[in-house]
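Engineer: Attaching a single structure in structure tokens format; questions to follow.
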Amino acid sequence: MRPTPAARWFIAAGAAGDELYRAWNRGAAAAVPIGQLWDVVRVTPRLGHDVLGRVRSSGAELGPVLETPARTALEFIVPTGTAASWPQMIGTRAAAQGHMRCPPPHVTVTSGLRSTGARRWIVPPLHTPATTDADALCEAVAAVLLTRAKAVLALTGRGEPR
């Protein structure tokens, strides 16, 4: 396998190159450290898909997004330092350490392929280095949560939240 921009980016982030290529040649996910070149915000799938739509429609920078069924999360790659300032919001969790298990870039939702743990890219790491704009992501999460809260209040007849 020849070096791809994604492979070079993941190796620069601390992934062991030989392990990464060995895993990717099998179609498996490889361990890539979090916190060196980026942090990760994990969002529950239902919330995450709505948030992804909002970030896309806002025109903000959108980096790689990984679907991780075993964690029941979408993982957004965000700039380093994001985890330290990420607010406590329902359905989200930010990480500045640990590892992501990253499948090859061609293992995407649209390809129909799956790797270890059924992981696949919703937004593949093709144009790296790129991270999702953390402010836009936070605003999108807050907006989706507010929309849902308003819907619940309307259904229960309690009106608008203050």
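The values are calculated or read from the model by the stated rules, or taken from the named source; none is laboratory data. Not measured: the values here are computed from a predicted model. Heads up: the accessible areas ignore ligands, DNA and RNA and are worked out on the full protein's heavy atoms, side chains in. Shrake-Rupley method; radii C 1.70, N 1.55, O 1.52, S 1.80 Å.
Engineer: What is the Cα convex hull volume of region 1-50 when expressed per residue in Å³?
Structural biologist: With only Cα atoms used, region 1-50 gives 101 Å³ per residue.
Engineer: Ok, one more. Of the DSSP beta bridges with both residues in the chain, give the percent that are antiparallel, rounding to the nearest 5. Present the calculation step by step, with values, prior to reporting the outcome.
Structural biologist: Numbers: 21 of 22 bridges.
Antiparallel bridges: around 95 percent, rounded to the nearest 5.
Engineer: Roughly to the nearest percent, how much of the accessible area of the chain is carbon and sulfur, given a 1.4 Å probe?
Structural biologist: That fraction is 53 percent.
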